[in-house]
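Written below as structure tokens is the structure these notes are about.
The values are calculated or read from the model by the stated rules, or taken from the named source; none is laboratory data. Treat the numbers as computed from the prediction; the structure is a model and nothing was measured. Virtual Cβ from ideal backbone geometry, glycine too; neighbours counted across all protein chains shown. Each accessible area value is taken on the protein alone, full model and side chains, heavy atoms only, with ligands, DNA and RNA left out. Shrake-Rupley method; radii C 1.70, N 1.55, O 1.52, S 1.80 Å.
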Amino acid sequence: MRHTHPAQDARHVIDVRRLTKRYGRTTAVDALTFTVRQGRVTGFLGPNGAGKSTTMRMLLGLDRPTHGEALFDGKPYCDLPEPLRHVGALLDATATQAGRTARNHLTWLARTNRIPRRRVEEVLDVVGLHSAADQRTRTFSLGMAQRLGIAAALLGDPEVLLLDEPVNGLDPEGVRWIRTLLRTFAAEGRTVFVSSHLMSEMAVTADHLVVIGRGRLLADADLSEFVRDGEESLEDAFFRLTSGGGSDA
Ligand code: ADP
């Protein structure tokens with residue numbers, strides 16, 4: 001595996017081109033263009049309402065763009081032959097069937113995607129849910145639901161992880177755990193695209209940041225490029241970029 005550092009020439013794993021989504025008069029995503037490269041953690045940062053989840057849903061074919069396209073290795077998600085083996089995603093961690101146990105949920109996903117059954121036990125171990133595997137998911141805390149969502153994302157042993165606000169609802173130990181998981185995944189030469197509204201979290205997790213506000217691209221640069229000549233902190237840089245750019249932050 002080639003180690004890419006600082007990865008300017010690394011392979012484009014995700015290509016987003018002029019991606020636009022309008023809901024009536026609201027332009028949720030406005031002609032966004034950026035790439036996500038292999039072997040690093042790319043943070044997708046913006047205030048609440050900036051358009052991160054809408055972008056993620058369009059990447060996964062769950063919402064149809066008004067214009068533009070989002071491609072994985074040149075193909076729309078829906079054209080990937082075995083999508084769960086290529087892209088693991090966590091959007092809404094509470095979106096499991098509440099009556100199922102964690103193990104049943106993962107077993108069903110594995111079966112419908114031709115993933116070997118033993119992988120269910122492996123991912124339950126990775127996310128630390130073995131002892132709760134036979135509880136119904138309706139009894140899960142948000143943190144446990146996030147862990148189950150991550151287990152589902154890892155099930156197909158994918159090359160790409162796409163996670164929408166994965167640290168929401170996690171305690172400090174869980175936040176640290178996710179951070180290590182994402183860093184390790186990228187260090188293996190795989191690719192992570194992770195959204196957050198917290199610069200402080202991205203500052204310790206991401207190598208590269210794509211920053212949006214009101215659906216528009218505000219910055220697309222390596223983390224090290226955000227601070228101007230040591231004059232400001234990353235947090236200051238985030239507020240400078242997004243002031244006036246978000247709807248409720
Ligand atoms: P973020 O994930 O950054 O918090 P979202 O993508 O959820 O932002 O939302 C971006 C904008 O699009 C917001 O103004 C939101 O109200 C609007 N929006 C998102 N989904 C819908 C929808 N299904 N119908 C109408 N408006 C929506």
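Sorted largest first, the spans of the alpha carbon positions of region 57-132 along the three principal axes are 45, 24, 20 Å.
Beta bridges per DSSP, both residues in the chain: antiparallel share near 55 percent. Taking the accessible area of region 141-185, probe 1.4 Å, and keeping the other protein chains in place, the carbon and sulfur fraction comes to 55%.
In plain terms, the bigger the Kirkwood radius, the slower the diffusion; for the chain, with that radius from Cα pairs, at 25 °C and 0.890 mPa s, Stokes-Einstein puts D at 132 µm²/s. Averaging the sequence gap over all C-alpha pairs within less than 8 Å and six or more residues apart, then dividing by the number of residues, gives the chain a relative contact order of 28 percent. Heavy-atom accessible surface of the chain, averaged per residue, reaches 48 Å², computed with a 1.4 Å probe.
About the Cα centre of the chain, what is the dipole size in debye to 20, counting +1 per Lys and Arg Cβ and -1 per Asp and Glu Cβ, all else neutral?
Values: 32 positive and 31 negative charges, 217 e Å.
Computed about the Cα centre, the dipole is about 1040 debye.
Shape summary of region 65-208, radius of gyration then Dmax from alpha carbon positions: 15.1, 46 Å. Only alpha carbons enter this Debye calculation for region 1-135, each as an equal point scatterer, and the log10 of I(q)/I(0) it gives at q = 0.12, 0.13, 0.15, 0.16 Å⁻¹ is -0.63, -0.74, -0.93, -1.02. Sorting 148-155, 212-219, 63-70 by their mean Cβ neighbour count within 10 Å, with the most densely packed peptide first, gives 148-155, 212-219, 63-70.
Computed with every protein chain present, the accessible area of Asp171 is close to 80 Å² [probe 1.4 Å].
With a 1.4 Å probe and all protein chains in place, put Ser233, Ser131 in order of accessible area, largest first. Walk me through the numbers before you get to the answer.
Working: Ser233 55, Ser131 120 Å².
Final ranking, largest accessible area leading: Ser131, Ser233.
Amide H contacts of Asp220: Val211, each under 5 Å away and 5 or more positions distant or on a separate chain (H built 1.01 Å from N in the peptide plane; Pro and chain starts excluded). The sum of -39500 (n - 2.57) across all DSSP H runs of n ≥ 4, divided by the residue count of the chain, sets its helix-only mean residue ellipticity at 222 nm to -8500 deg cm²/dmol.
Screening the chain for whole DSSP H helices of 15 Å or more along their axis (Cα) with average Kyte-Doolittle hydropathy at least -1.0 returns 102-112, 142-154, 172-187.
The H on the amide N of Val13, modeled in the peptide plane, is under 5 Å from the matching H of Val36, Arg37, Gln38, each at least 5 residues off or on a different chain. Region 113-156 and region 29-46 have Cα centres spaced 27 Å apart.
Taking Asp157, Asp164 and ordering them by how much accessible surface each has at a 1.4 Å probe, largest first, produces Asp157, Asp164. Applying the criteria of a DSSP loop state and at most 13 other Cβ atoms within 10 Å to the chymotrypsin sites (Phe, Trp or Tyr not before Pro) of region 54-155 yields no site.
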